[in-house]
Amino acid sequence: MTDETTKNGPDAAAQEAAADAAANVENETAAEPDPIELLKAENAELRDRYLRLAADMDNLRRRTEREVKDAKSYSAAGFARDMLAVSDNLRRALDAIPEDARAGADAGLTTLIEGVEMTERSMLTTLERHGVRKLEPVGQKFDPNFHQAMFEVPNPDVPNNTVVQVVQAGYSIGERVLRPAMVGVAKGGPKIVEAETNSVFDQKDA
């Protein structure tokens, strides 16, 4: 209490005490955070957590769907590759029969040949239903991702590095190579224009 307050009497002292009390209350009020602002901040934090969790769950769902799809598409890859070896043997057996022997074959041999051909077609059709597709690279630009070059064929009339012969058929499963095609490529022709080449996976309808 100041000397001036003492001179002015109890009323002045009371007023000063009230002013001090009001100041203290104001300071305390200012020091305490606004409950509404606290709720807003908490709500913003919860919303941010929710959005992050929702994004994580969506990513997990997409990744799971992709893994399930891949499992369905490629789970039979090993089995399909083994079946291609059987198909190759059927084709070799058919190719080993001379044309004159086919033409002069008796009923029994003709039936046998037709049976082997039907078995080969049925096997390839079944594989195709499970996503296995035969590559048709002849006339396409050589692609080391899908083809395996076995030899070069000098041919100035064909664009250089063009597949001109297939030694062993190649196959894909889904978007992956199941077995690359063994091919012969042209050498010495004009350069291939990239824009004119087609994707290997567009060859089916070509």
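Just one of the listed residues (D143, D106) is over 18 Å from A80 (Cβ atoms) and either under 34 Å from the mean Cα position of the chain (by Cα) or basic (K, R) (or both), and it is D143. The residues of the stretch 86-113 that are aliphatic (A, V, I, L, M) and either touching a strand residue (DSSP E or B) at 6+ places or on another chain (Cβ under 7 Å) or surrounded by 10 or more Cβ atoms within 10 Å (Cβ to Cβ) (or both), listed by number, are V86, L90, A93, L94, I97, A101, A105, L109, L112, I113.
Of the candidates V164, V116, the single residue that is free of Cβ contacts under 8 Å to residues at least 60 places away in the same chain, in the same structural domain as A181 (by TED's automatic domain parsing) and either surrounded by 14 or more Cβ atoms within 10 Å (Cβ to Cβ) or part of a loop (DSSP other than H, G, I, E, B) (or both) is V164. For L90, the stated conditions hold: it is touching a helix residue (DSSP H, G or I) at 6+ places or on another chain (Cβ under 6 Å) and either among the aliphatic types (A, V, I, L, M) or at positive phi (or both).
The values are calculated or read from the model by the stated rules, or taken from the named source; none is laboratory data. No experiment lies behind these values; they were computed from the predicted model shown. A quick note on method: Cβ atoms are made from the backbone with ideal geometry, for glycine too, and the neighbour counts reach across all protein chains shown.
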